[in-house]
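Every number here is computed from the coordinates shown, using simple stated rules; none is lab data. From a predicted model like this one, the values you see are computed outputs, not experimental measurements. Every residue, glycine among them, receives a Cβ derived from its backbone with ideal geometry; neighbour counts consider all protein chains shown.
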Amino acid sequence: MKRAALILVPYLWLLALFLVPFIIVFKISLSDLALSIPPYNPQLDLSGGWESIKAFFGALDFENFIWLTSDDLYWKAYISSLRIAVVSTVLTLLVGYPIAYAMARAEQSWRPTLLMLIILPFWTSFLIRVYSWMGILSQEGYLNQFLLGIGVINDPLTILNTQIAVYIGIVYTYLPFMILPIYASLDRMDVSLLEAAEDLGCSRMSAFWLVTMPLSRPGIIAGSFLVFIPVMGEFVIPSLLGGSGTLMIGKVLWEEFFSNRDWPVASAVAVILLLVLIIPIILFQRNEQRQRDAEG
């Protein structure tokens, strides 16, 4: 009973905060657009009882999902979001791994201070931190003033309202989500394994690739998921730093919900986005489970 109760808690959490909202959004995605508040006409009315449910499944259609295939805006937004999320995850990993490695190899007395410095940006509002990059990256911003002052450039660079600014904002914002899992993996690693590898003839670089990197793999995977998943649906950073030229599915969702007020189509976009994120995670977890079973 204690084991069942312990397992029941996270399942109830997922049921209340994931499955139920997903069902509601999926129900709206199968509805028809209507000029009302909320702006949709539900096809499923549970107050009508079993007859209403049978009528719903009898007339079930996926017109909103079919509509997404008729306009190339949506699949271009998905592809653009996927590309930006993948590139941002790789850039965040390239920046975050050396920081996490240096933190794990620092003196024990310095590690709490370094951790605090990584977490410190979370004490400031996310929106304020993104807004600050607008002042840094604009043509009259601090970055251009600095580069002009030291003579690196002769004319101000155009960085704001480009995808470069989006990548800078994403890497800066989500860097702690990459550093902390990798640091946790490296901090638990037995340093004597590196000494044993070097005693067996490995150079430091070989020992790093053969010992440190495989042992830090769980942290890399966890950090990559923590960055990739929210970046796929990111809205604030592309809107403020990327301008109108940056196409991401989060911006499309915002436009459908609040500008076009087409809740059924917006819900269909959200359902597909959720499936795009969940299916790879489920396949990855199953593959990891098979590997653990094979090793066991």
In cubic angstrom per residue, the convex hull of the stretch 227-296 built on its Cα atoms measures 91
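Ignoring the sites themselves, what is the longest stretch of the chain with no chymotrypsin sites (Phe, Trp or Tyr not before Pro) in a DSSP loop and at most 13 other beta-carbon atoms within 10 Å? Walk me through the numbers on the way to the answer.
Values: sites that count: 62, 110.
Within the chain, the longest run free of exposed chymotrypsin sites (Phe, Trp or Tyr not before Pro) spans 111-296.
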For the stretch 71-295, the dipole about the Cα centre with charges only on Cβ (Lys and Arg +1, Asp and Glu -1), to the nearest 20 debye, works out at 140
In sequence order, what are the phi-derived ³J(HN,Hα) couplings for the stretch 126-139 according to the Karplus relation 6.51 cos²θ - 1.76 cosθ + 1.60 with θ = phi - 60°, rounded to whole Hz, with x for glycine and proline?
4, 5, 5, 5, 5, 4, 4, 5, 5, x, 7, 9, 5, 5
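For 86, 130, 252, 191, what ranking results if the residue with the fewest other Cβ atoms within 10 Å of its Cβ goes first?
191, 86, 130, 252
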Who wins for biggest fluctuation among 100, 222, 85 in a Gaussian network model of the chain, springs between alpha carbons below 10 Å?
222
Karplus-derived 3J(HN,Hα), 6.51/-1.76/1.60, for each residue of the stretch 281-286, Hz, glycine and proline x
5, 5, 4, 5, 5, 5
Taking GluC sites (Glu not before Pro) as candidate sites, keep only those in a DSSP loop with at most 16 other Cβ atoms within 10 Å, then name the longest stretch of the chain containing none of them.
141-296
Calculated [θ] (222 nm, deg cm²/dmol) that DSSP helices of n ≥ 4 give over the chain, each run adding -39,500 (n - 2.57)
-21500 deg cm²/dmol
Taking every other residue with Cβ under 13 Å from the Cβ of residue 170 and scoring Lys and Arg +1, Asp and Glu -1, one gets +1
Rg over Rh, two decimals, the chain (C-alpha only, Kirkwood Rh):
1.05
Taking Cα centroids, how far is the stretch 245-279 from the stretch 98-156 in Å?
31
Return the Rg/Rh ratio of the stretch 107-173 with Cα-based radii and a Kirkwood Rh.
1.11
Sorted from fewest to most neighbouring beta carbons within 10 Å, what does the list 27, 76 look like?
76, 27
In degrees rounded to 10, the 0-90 angle between helix 163-188 Cα long axis and the longest Cα principal axis of the chain is 60
Taking other Cβ within 10 Å of each residue's Cβ, how do 111, 290 sort, fewest first?
290, 111
The long-range amide H neighbours of residue 33, using H built 1.01 Å from N in the peptide plane and a cut-off of under 5 Å, are 41
